[in-house]
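For reference, the structure is listed below as structure tokens.
The values are calculated or read from the model by the stated rules, or taken from the named source; none is laboratory data. Given the structure is predicted, the values throughout are model-derived calculations rather than measurements. Every residue, glycine among them, receives a Cβ derived from its backbone with ideal geometry; neighbour counts consider all protein chains shown.
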Amino acid sequence: MSDIAAKRSVLPPLDAQLPWLLPLQTALTEAVRSDRLGHALLIQVAPGLGGEWLAYWLAARLFCTVSAERRPCGDCVACHRVLAGEQPDLLRLQPIEESKEIRIDQVRELAAELALTSHGGGRKVAIVSPADKLNRNAANALLKTLEEPSGSALLILVTGEPSHLPITVISRCTRLTIPLPRNPQLAEWLRAAGDRGIDWDSVLSVLGPRPIDALQADTGALIDLRRETLNALEQALRGALDPVETAEFWGKEDYALRLACIETWLVERVRHWAASGQGAAEPLFAALEDLREARQWTDTPVSKPLALERLLWRINAAATTRRPA
Ligand SMILES: [Zn+2]
């Protein structure tokens, strides 16, 4: 994503209240208390909702030297070390910057580390996030560790895309998941956690249900981008937009954000046209199909302007089927 959407995500503090994760925190607390945590967890939470934070929260709960019961204290040396990435018994596996994937040599290194005795005499914990970035060989190597867990090691896999993981890996983990919270609930949380004056509903309509990213985003720029995109789409519907020029401009940066704006607008239009009989919704349905396809191209070298151009021509064509209100 672009600069305005995602500076590198910073984890919320350990005492943050993320109500949608509370059922998982309760279940994990109970599992720790009754010593039923097992060797591998799969936290299946969409990106931007705190899945990775939950993994760190649990690690801190295990290493915290003060809080014996429910939550990590967030304030002792152990808790600080966890968040700072300085806890020697907490390992982290993430994609190597250039390759954007987690590779087999990284997994082998992790497995070797996990086989050693822990520095503090307690558990060794490894957080793999986003686990869907494990490439095929890496996932196979990880499977070995999952099948023959060493001592008291705990693996925590975090992903929003479990379908990208081999079923053999998933079946070795205890799965933890939550229903996707709705945007109004998240906007309410953002109004309490962030600036009340910001139009969080609009921010979430561009970013999707990613409240933690929303808190760190350039909200002013996001709202401007949304306004500008929606205005241009209204123009397209009047046949007054140049699809080629606009697609060229939109394809250069913030592609995913533009697509999110277009989707919100299309869904709203379809609903409105269907209710008011203002126009045949078929061209707009076709545009929604194009949009889904265009989204699959987000992280590929496929020409973004071309994908957008097709979409904008389709919306332009819808103008001709429209009846005057
Ligand atoms: Zn602590």
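For segment 156-177, which positions are surrounded by fewer than 19 Cβ atoms within 10 Å (Cβ to Cβ), under 17 Å from the mean Cα position of the chain (by Cα) and under 18 Å from Gln25 (Cβ atoms)?
Thr177
So, of the residues in segment 41-63 that are of a type in the set (A, V, I, L, M) and within 14 Å of Pro12 (Cα to Cα), which turns out to be farthest from the ligand (Cβ to nearest atom)? Step through it out loud before you land on a result.
Here is the first cut: in segment 41-63, the ones of a type in the set (A, V, I, L, M) are 41-43, 45-46, 49, 54-55, 58-60, 62.
With the extra rule that they be within 14 Å of Pro12 (Cα to Cα), the set shrinks to 49, 54-55, 58, 60.
Values: Leu49: 24, Leu54: 16, Ala55: 16, Leu58: 13, Ala60: 6 Å.
Per the criteria, the residue is Leu49.
Can you tell me which residues in segment 160-193 are hydrophobic (A, V, I, L, M, F, W, C), farther than 17 Å from Trp53 by Cα and in a helix (DSSP H, G or I)?
Ile167, Val169, Ile170, Ala187, Ala192, listed by residue number.
For segment 223-240, which residues satisfy the criterion of being in contact with a Leu (Cβ under 7 Å, 6 or more places away or on another chain) and of a type in the set (A, V, I, L, M)? Explain how you work it out, then say what you get.
Of segment 223-240, the ones in contact with a Leu (Cβ under 7 Å, 6 or more places away or on another chain) are 225, 232, 235-236.
The answer is Leu225, Ala232, Ala236.
When only residues in segment 289-316 that are buried (at least 20 other Cβ atoms within 10 Å of the Cβ) and hydrophobic (A, V, I, L, M, F, W, C) count, which is farthest from the chain's Cα centre (by Cα)?
Ile315
With respect to Ile4, determine if the residue is more than 15 Å from the ligand (Cβ to nearest atom), in a loop (DSSP other than H, G, I, E, B), at pLDDT below 90 and buried (at least 16 other Cβ atoms within 10 Å of the Cβ).
Numbers: more than 15 Å from the ligand (Cβ to nearest atom): yes; in a loop (DSSP other than H, G, I, E, B): yes; at pLDDT below 90: yes; buried (at least 16 other Cβ atoms within 10 Å of the Cβ): yes.
Yes: the conditions hold for Ile4.
Can you name every residue in segment 76-104 that is acidic (Asp, Glu) and within 16 Å of the ligand (Cβ to nearest atom)? First the steps, then the outcome.
Taking segment 76-104 and keeping what is acidic (Asp, Glu), we get 86, 89, 97-98, 101.
Across segment 76-104, the qualifying residues are Glu86, Asp89.
Would you point out which residue out of Val107, Val66, Val125 is within 13 Å of the ligand (Cβ to nearest atom) and β-branched (Val, Ile, Thr)? Full working, then the answer.
Details: Val107 fails: within 13 Å of the ligand (Cβ to nearest atom); Val125 fails: within 13 Å of the ligand (Cβ to nearest atom).
After applying the criteria, what remains is Val66.
When you check Ala141 against the structure, is it in the same structural domain as Val107 (by TED's automatic domain parsing) and part of a helix (DSSP H, G or I), yes or no?
Working: in the same structural domain as Val107 (by TED's automatic domain parsing): yes; part of a helix (DSSP H, G or I): yes.
Here the answer is yes, as Ala141 does meet what is asked.
For segment 244-286, give me the residue count where each residue is modelled with pLDDT of 90 or more and either of a type in the set (S, T, N, Q) or in contact with a helix residue (DSSP H, G or I) (Cβ under 7 Å, 6 or more places away or on another chain) (or both).
So the count comes out to 18.
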